[in-house]
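**Q** Here it is, the structure, as structure tokens.
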Amino acid sequence: MENFQWSNYTQIPSKSFSCGYCGHSLASALGYQESNGRAFVYICHFCTRPTFISVDGEQSPGAKFGTEIEEISDVSVLDLYNEARNCISVSSYTAAVLCCRKLLMNIAVHKGAKEGLKFYQYVEFLSDNHYVPPDAKEWVDHIRKKGNEATHEITIMGRDEAEEIISFVEMILRLVYEFPARIKKKTSPTPVK
């Protein structure tokens, strides 16, 4: 990532935040102050990118919601998950829910479902092939229902709904990708040197 050089920046009131670019949590006291003290631009000391924060707490770009998931082996699945997380950072909650709905289809196809099925068939594929535990089928169905609501109805999703859906997707991604890869690494024989 490119480092930027900033000139004429100064000491400003310290602020803790998560950088919307690199995701690091930090407390910064360097940046720029709006002339009436109503807003500040803080410079991240990890990636050197600017973050706008108003005195009432509005942050742009906002922090991504959720956490990084390791071992996602399909690029489209990883990209959609990150897209959903990025949607939260710019208050695009309906878009985040729609990404999560599409993510279920991409996971199913990556794991062997045929393309072109009806959406409920992807949900059934994930359940029938044990990619989600029996008690977790309700999570997947909840994502499907909220996604359908966002797709087929005149409904705007809120932050709470989008964060809930991303949290459910995060769990599914851990079950389908991260945990199996971790145990495979643990149980794989170590190459002899």
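The values are calculated or read from the model by the stated rules, or taken from the named source; none is laboratory data. Just so it is clear, the model here is predicted, and its values are computed rather than measured. Cβ sites come from the backbone with ideal geometry, for glycine too, and all protein chains shown count toward neighbours. Ligands, DNA and RNA are excluded from the accessible area calculation, which covers all protein heavy atoms including side chains. Shrake-Rupley method; radii C 1.70, N 1.55, O 1.52, S 1.80 Å.
**Q** Going through Lys64, Lys102, Lys114 one at a time, which residue ends up being under 30 Å from Thr151 (Cβ atoms), open to solvent by 40 Å² or more (accessible area, probe 1.4 Å), within 12 Å of the chain's Cα centre (by Cα) and among the charged types (D, E, K, R)?
**A** Lys64
**Q** I've got another one for you. Looking only at residues in the stretch 40-64 that are in a loop (DSSP other than H, G, I, E, B) and of a type in the set (A, V, I, L, M), which one is nearest to Arg182 (Cα to Cα)?
**A** Among residues in the stretch 40-64 that are in a loop (DSSP other than H, G, I, E, B) and of a type in the set (A, V, I, L, M), the one nearest to Arg182 (Cα to Cα) is Ala63.
**Q** Do you know which residues across the stretch 73-90 are modelled with pLDDT of 90 or more and surrounded by fewer than 19 Cβ atoms within 10 Å (Cβ to Cβ)?
**A** Ser73, Asp74, Val75, Ser76, Leu78, Asp79, Asn82, Glu83, Asn86
**Q** Looking at this structure, is Arg85 in contact (Cβ under 8 Å) with a residue 24 or more places away in the chain, closer than 20 Å to Gly23 by Cα, basic (Lys, Arg) and part of a helix (DSSP H, G or I)?
**A** Taking the combined requirement at face value, the residue satisfies it.
**Q** Okay, next question. If I filter the stretch 120-134 for residues that are farther than 21 Å from Asp79 by Cβ and modelled with pLDDT under 85, do I get at least one hit?
**A** Yes.
**Q** Applying the selection to the stretch 25-44, what residues are open to solvent by 80 Å² or more (accessible area, probe 1.4 Å) and either touching a strand residue (DSSP E or B) at 6+ places or on another chain (Cβ under 6 Å) or at pLDDT 90 or above (or both)? Working first, answer last.
**A** Filtering the stretch 25-44 down to residues open to solvent by 80 Å² or more (accessible area, probe 1.4 Å) leaves 25, 33, 35-36, 38.
Ser25, Gln33 - these are the residues of the stretch 25-44 that are open to solvent by 80 Å² or more (accessible area, probe 1.4 Å) and either touching a strand residue (DSSP E or B) at 6+ places or on another chain (Cβ under 6 Å) or at pLDDT 90 or above (or both).
**Q** Quick check on my filter: what residues within the stretch 157-166 are loosely packed, with under 14 Cβ neighbours inside 10 Å and not in a loop (DSSP other than H, G, I, E, B)?
**A** The answer is Arg159, Asp160.
**Q** Return a yes/no flag: does the stretch 65-75 have any residue that is over 24 Å from Glu153 (Cβ atoms), of a type in the set (Phe, Trp, Tyr) and either in contact (Cβ under 8 Å) with a residue 12 or more places away in the chain or not in a loop (DSSP other than H, G, I, E, B) (or both).
**A** No, every residue in the stretch 65-75 fails to be over 24 Å from Glu153 (Cβ atoms), of a type in the set (Phe, Trp, Tyr) and either in contact (Cβ under 8 Å) with a residue 12 or more places away in the chain or not in a loop (DSSP other than H, G, I, E, B) (or both).
**Q** Let me ask something else about it. From the list Ser28, Ser35, Ser60, pick out the single residue that is out of contact with any His (no Cβ under 8 Å at 6 or more places or on another chain), of a type in the set (Gly, Ala, Ser) and without any contact (Cβ under 8 Å) to a residue 24 or more places away in the chain.
**A** Ser35
**Q** Any residue at all in the stretch 2-15 that's part of a loop (DSSP other than H, G, I, E, B), within 19 Å of the chain's Cα centre (by Cα) and acidic (Asp, Glu)? Show your work before the answer.
**A** Filtering the stretch 2-15 down to residues part of a loop (DSSP other than H, G, I, E, B) leaves 2-9.
Within this subset, residues satisfying the condition of being within 19 Å of the chain's Cα centre (by Cα) are none.
No, there is no match, as no residue in the stretch 2-15 is part of a loop (DSSP other than H, G, I, E, B), within 19 Å of the chain's Cα centre (by Cα) and acidic (Asp, Glu).
**Q** Under 6 Å between Cβ atoms, at least 6 apart or on separate chains: pull out the pairs that start in the stretch 3-16 with a residue that is over 24 Å from Gly57 (Cα atoms) and end on any residue that is open to solvent by less than 90 Å² (accessible area, probe 1.4 Å) and modelled with pLDDT of 65 or more.
**A** Asn3/Thr48; Phe4/Thr48
**Q** Could you please find all residues in the stretch 124-156 being of a type outside the set (D, E, K, R), in contact with a helix residue (DSSP H, G or I) (Cβ under 9 Å, 6 or more places away or on another chain), part of a helix (DSSP H, G or I) and surrounded by fewer than 20 Cβ atoms within 10 Å (Cβ to Cβ)?
**A** Selection gives Ser127, Pro134, Ala136, Trp139, His142, Asn148, Thr151.
**Q** Tell me which of these Glu70 doesn't satisfy, since it passes every other one: (1) crowded, with 18+ Cβ neighbours inside 10 Å; (2) modelled with pLDDT under 90.
**A** With (1) crowded, with 18+ Cβ neighbours inside 10 Å; (2) modelled with pLDDT under 90 applied to Glu70, the lone miss is (1).
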